[in-house]
Amino acid sequence: MAVIFSKLLRKTDINSSKLVVPTDALWSHFRQILGGRHCTGLVVMDWVGGLWNFRLWTRPNGPYEKPVFTVDWARFVKEKGLREGDELIFSANQDGDGGFQYKILVQRRPHSFTLRGEPIVMDVNEIAPYTVPNHPAPTYELNLFS
């Protein structure tokens, strides 16, 4: 699968009903999908095989198109427990019919832990499916010296 874009999620991506898509992704990939329209639906698979219906939307008028994902984005954020600073990786694979299969992955990068100077990456793809809706996320104590 080819990576279309990756980005560190910002507070606005988490707290609103839309994900701001990097404009260079619009020019490099999504322009041909839109085909002159200003919105289209995308079926996106997450890391556990769940399907999400995102809508790629751009401003219909004006010099700045400002692409965003809407529709299922807010539900995706909530169900996956995404946080500011998580890294989102959006990729695509062209299928035999000329269409695309889309996949979304997320990695969490804790800011306070390093090993030999490298950040320790926590794979949200492994932990997110086990969260229980309407229950606070569990907290874990890390004791490195026991």
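What follows draws every value from the coordinates through simple rules; no lab data is involved. Predicted model, so just to flag it, every value in this text is computed and none were measured. We place every Cβ from the backbone using ideal geometry, glycine too, and count neighbours over all the protein chains shown.
For Arg55, neighbours were defined as the other residues whose beta-carbon sits under 10 Å from its Cβ, and their charges (Lys and Arg +1, Asp and Glu -1) total 0.
Distance distribution P(r), region 1-88, all Cα-Cα pairs, bin width 5 angstrom from 0: 3, 13, 24, 28, 20, 10, 3, 0 percent. Packing here is the average count of other Cβ atoms within 10 Å per residue, and on that basis the peptides 32-43, 6-17, highest first, run 6-17, 32-43. Close amide H pairs (under 5 Å, H built 1.01 Å from N) link Asp86 with Leu9, residues at least 5 positions away or on another chain.
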